[in-house]
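Just so you know, all these numbers are worked out from the coordinates, no wet-lab data involved. A quick note: this is a predicted structure, and the numbers were derived from the prediction, not measured. All Cβ positions, glycine included, derive from the backbone under ideal geometry; neighbour counts span all protein chains shown.
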Number of protein chains: 2
Amino acid sequence: MTQTIRAPEILEIARRDGKVTVDGLAAHFGVTLQTIRRDLTDLAEAGRLERVHGGAILPSGTSNIGYEERRALNADAKAAIAQACAARIPEDISLFLNIGTSTEAVARALLHHRNLLVVTNNLNIANILVANDSCEIIVTGGTLRRADGGLIGTLAAERIRQFKFDLAVVGCSALDADGDMLDYDIQEVGVSRAILDQSRQTFLVADHSKLARSAPARIGSLSEVDALITDTALPENLARKCADWQTDIVVAPGA
Amino acid sequence: MTQTIRAPEILEIARRDGKVTVDGLAAHFGVTLQTIRRDLTDLAEAGRLERVHGGAILPSGTSNIGYEERRALNADAKAAIAQACAARIPEDISLFLNIGTSTEAVARALLHHRNLLVVTNNLNIANILVANDSCEIIVTGGTLRRADGGLIGTLAAERIRQFKFDLAVVGCSALDADGDMLDYDIQEVGVSRAILDQSRQTFLVADHSKLARSAPARIGSLSEVDALITDTALPENLARKCADWQTDIVVAPGA
DNA sequence: GATAAAAAGCGCAAAAACGAACATTTTCGC
DNA sequence: GCGAAAATGTTCGTTTTTGCGCTTTTTATC
């Protein structure tokens, strides 16, 4: 089990996209499939990756089926959105990252940002960002929700109001035609509201599947966020509203 | 092993790209492959890089090396202590698990306990116990300390005083001949005190290496805990004191 | 379940990279 | 300039890695 020179880059790609494919890596490095397989086997033996048919994924201590599936859903789009979002996040700021698979993707894309103060109520995000040495991590307390690694409860919103963030990145369960951000969980709405109130600037990350869905609890309006980062163009009427609200629309097409 | 003029630049490139190649460096500096190989061999011997075929990469565990070593220290003894401790922990109770490698081992031994309400200020423990579905996990908030996954800060002690635990399992940095529990970090003492105050019952887990060590900050006396779980018999005078205090001594010999 | 397709594993030969010994050049103090 | 010491270049035998053809295993589809 000797280290290969490709190991760091494979791991970086894995952390950025959440997964790697044998085909993709072979093309990327210009080597045969067999060589990549050997690399992935070694990396898996060292516990750095988890081997699956066709490639490898990040080792998930949680192994929550529903969550893993949800994370894999639109993984390419989420990674692209996360890249675009990270590119708009400066260094040396305080930043809140909310619960959600999209915000987790943003955390992965922030691994090379420097001097961030990140506050999060998402255990997975804390686990991802420990790899970034120059980043201070503050975890809000709460009850751990296994479904998504979120820390929930009344205490989270309280804790958040003790801070003032330069920037917040939030997700949502759905986004309706009126430009309202919606969530499945009423408890989380309180947290999201607290975040919007305490941030100088706010980005919403949401892939296109959020547009085709609905949810019962209203977080607020797109007019309250500074930018929406997504992967497909918005319907005409919603795009016009955003223009009126001066809400930037960033479209980052999935690979 | 003499310093070469290229060393700082090689390291800079390595840190920027995550890797360096023999070919690339030879072209960059206009020297032969053999010269670069000598440079990389020296750098690897100095521990600054890790040598691989074709080049070199950054050493893998640059940050958490201290923690991993500490965790591996007396691993057998810690596992045995953890087993003995878990055997004395009933199901259906509320439980606090403090920062520390010994308490992490206890968490691993609790993976098959049912209906526990676990409160912890240790991110690693939260990650371990997600695998136990029947266990509710509450995480105290705080700043993440990379050295050991601990969540620290003034908020932790505050948060703890909002609870009342059936049982607390705590560790300590050292245990002196007078039966005093000691810690390296004065901040943690506040947290440990809060835990002792809020628990109906307390177990201290400490392997024998703690007896041979000292630390500056005093948490409290063994007389305040209900049981000490360790891996070797205590010195005669300390054992007598514990008997007077009605502090149970549990010896779980390492494998 | 049965079957086809994709992916993974295995052994071996070729290629690349490695390290050691020795020749050559550069650097520095005098 | 001169000579010693250090650094670099050259050559060659050895080790490691890679790629190829093959069989075995896993996955997907009917």
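Pairs A:19/B:19; A:164/A:241; A:19/A:78; A:19/A:210: which exceed 24 Å Cα-Cα? All intermediate terms of the calculation are to be shown ahead of the outcome.
Values: A:19/B:19 21 Å; A:164/A:241 28 Å; A:19/A:78 12 Å; A:19/A:210 22 Å.
From A:19/B:19; A:164/A:241; A:19/A:78; A:19/A:210, over 24 Å: A:164/A:241.
Using a 10 Å cut-off on Cβ to Cβ distances, tally the other chain neighbours for every residue of A:139-148 and report the average as a whole number. Intermediate values should be presented prior to the final figure.
Numbers: counts 11, 5, 13, 6, 6, 11, 1, 8, 0, 0.
The mean count of partner-chain Cβ atoms within 10 Å per residue comes to 6.
Applying 1/(1 + (r/R0)^6) with R0 = 41 Å to the Cβ-Cβ distance of residue A:251 and residue B:5, what FRET efficiency is obtained, to the nearest 0.05?
Values: r = 49 Å, r/R0 = 1.18.
Calculated transfer efficiency: 0.25.
With a Förster radius of 35 Å, plug the Cβ-Cβ distance of residue A:211 and residue A:115 into 1/(1 + (r/R0)^6) and report the FRET value to the nearest 0.05.
Working: r = 35 Å, r/R0 = 1.00.
Plugging the Cβ-Cβ distance into 1/(1 + (r/R0)^6) gives 0.50.
Hand me the trypsin sites (Lys or Arg not before Pro) from segment B:68-146 located in a DSSP loop with no more than 14 other Cβ atoms within 10 Å, in residue order please. Spell out each step's value before the answer.
Values: sites: B:70, B:71, B:78, B:88, B:108, B:114, B:145, B:146; in loops: B:88, B:114, B:146.
The qualifying sites are B:114.
Among DSSP beta bridges lying fully in chain A, give the percent that are antiparallel, nearest 5.
Expressed as a percentage, antiparallel bridges in chain A total about 40.
Which whole-number percent is the relative contact order of segment B:7-57 (Cα, under 8 Å, 6+ apart)? Write down the numbers at each step before the final one.
Details: 48 pairs, mean separation 20.9, N = 51.
Rounded, it is 41 percent for segment B:7-57.
Between residue B:233 and residue A:162, what is the spin-label point distance in nm, taking each point 7 Å from the Cα along the Cα→C-beta axis?
The answer from the label model is 4.8 nm.
Step by step: find N for the protein assembly as shown, compute 2.2 N^0.38 Å, then divide the Cα radius of gyration by it. What's the final number? Don't skip to the end; give the middle numbers.
Working: Rg = 25.4 Å, N = 510, 2.2 N^0.38 = 23.5 Å.
The reported ratio for this selection is 1.08.
Considering only DSSP beta bridges where both residues belong to the protein assembly as shown, give the percentage that are antiparallel (nearest 5). If you can, show how the numbers build up before the last one.
Working: 36 of 80 bridges.
Counting DSSP beta bridges with both partners in the protein assembly as shown, the antiparallel share is about 45 percent.
Using a label point 7 Å beyond Cα on the Cα-Cβ vector, give me the inter-copy distances for residue B:87 in nanometres, one decimal, shortest first.
Listed shortest first, these distances are 6.0 nm.
For residue B:53 paired with residue A:147, estimate the spin-label separation in nm (one decimal), with each label point 7 Å from Cα along the Cα-to-Cβ line.
4.9
Radius of gyration and Dmax for segment B:68-251's Cα atoms, expressed in Å?
Cα only, segment B:68-251: 15.0, 44 Å (Rg, Dmax).
With the radius of gyration and the Kirkwood radius both derived from the Cα set of segment A:7-57, what is their ratio Rg to Rh?
Rg divided by Rh gives 0.90.
Rounded to the nearest 20 debye, what is the charge dipole size of the protein assembly as shown about its Cα centre when +1 sits on each Lys and Arg Cβ and -1 on each Asp and Glu Cβ? Don't jump to the answer; show the numbers that get you there.
Working: 52 positive and 66 negative charges, 82 e Å.
Magnitude of the dipole: close to 400 debye.
If each DSSP helix of 4+ residues adds -39,500 (n - 2.57) and the sum is divided by the residues in chain B, what number results at 222 nm, nearest 500 deg cm²/dmol?
Only helices count here, giving -11500 deg cm²/dmol.
Relative contact order, percent, of segment A:68-251 when contacts are C-alpha pairs under 8 Å separated by at least 6 residues?
Working: 398 pairs, mean separation 35.3, N = 184.
Over segment A:68-251, the number comes to 19 percent.
Tell me whether segment A:106-169 comes out rounded, prolate or oblate; compute the Cα gyration tensor, take square roots of the eigenvalues as a ≥ b ≥ c, and use a/c under 1.5 as the rounded threshold.
On the way: a/c = 2.35, a/b = 1.35, b/c = 1.74.
Oblate, since a/c reaches 1.5 and b/c is not below a/b.
Which whole-Hz ³J(HN,Hα) couplings does segment A:47-54 yield from phi under the Karplus relation 6.51 cos²θ - 1.76 cosθ + 1.60, θ = phi - 60°, glycine and proline marked x?
So the Karplus estimates, Gly and Pro as x, are x, 7, 9, 10, 7, 9, 4, x Hz.
Using a Förster distance of 56 Å, how high is the FRET efficiency between residue A:23 and residue B:187, based on the Cβ-Cβ distance and rounded to 0.05? Walk me through the numbers on the way to the answer.
Details: r = 50 Å, r/R0 = 0.90.
Efficiency computed from Cβ-Cβ geometry: 0.65.
Amide H neighbours of residue B:176 under 5 Å, counting only residues 5+ apart in sequence or on other chains, H built in-plane at 1.01 Å?
B:182
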